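Okay, so here's the structure we're looking at.
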Amino acid sequence: MMVVGIVAVCVVLAVLAFLVPRLSRHPERGTQRTLGAGSRVGGKAPGVLGRIFSKPFRSSSKAVGRSGSAGRRTRGRMPF
């Protein structure tokens, strides 16, 4: 369920970044802030469990950042 949610957020951010590049940064940062909080909470588990619990949040945060930057980069390459 979480994977579907992250994919949906990435798609929405990529489209938003393509259509309105400046206005896409605030939702992207908010999403990354939320995922960072989840990563910090998951990382408080002891030992190896901390790394296991925080990894999905870290990779999701990277994916959100990549999708936003890809939308803005694609918009910048358009001829109009």
> Using a 1.4 Å probe, what is the accessible area per residue for the chain, in Å²?
Replying inline: 71
> Spin-label point model (7 Å from Cα, Cβ direction): what's the THR74 to ARG33 distance in nm?
Replying inline: 2.7
> Based on the Cβ-Cβ distance of ALA45 and VAL4, what FRET efficiency does E = 1/(1 + (r/R0)^6) give at R0 = 35 Å, to the nearest 0.05?
Replying inline: 0.90
>> I need the per residue convex hull volume for the chain, using only the alpha carbons, in cubic angstrom as a whole number.
In response: 70
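The values are calculated or read from the model by the stated rules, or taken from the named source; none is laboratory data. Values in this document were obtained by computation on a predicted structure and should not be read as measured data. For neighbour counting, all protein chains shown are included, and Cβ atoms are generated from backbone atoms with ideal geometry for every residue, glycine included. The accessibility values were calculated without ligands, DNA or RNA, using every heavy atom of the protein model including side chains. Shrake-Rupley method; radii C 1.70, N 1.55, O 1.52, S 1.80 Å.
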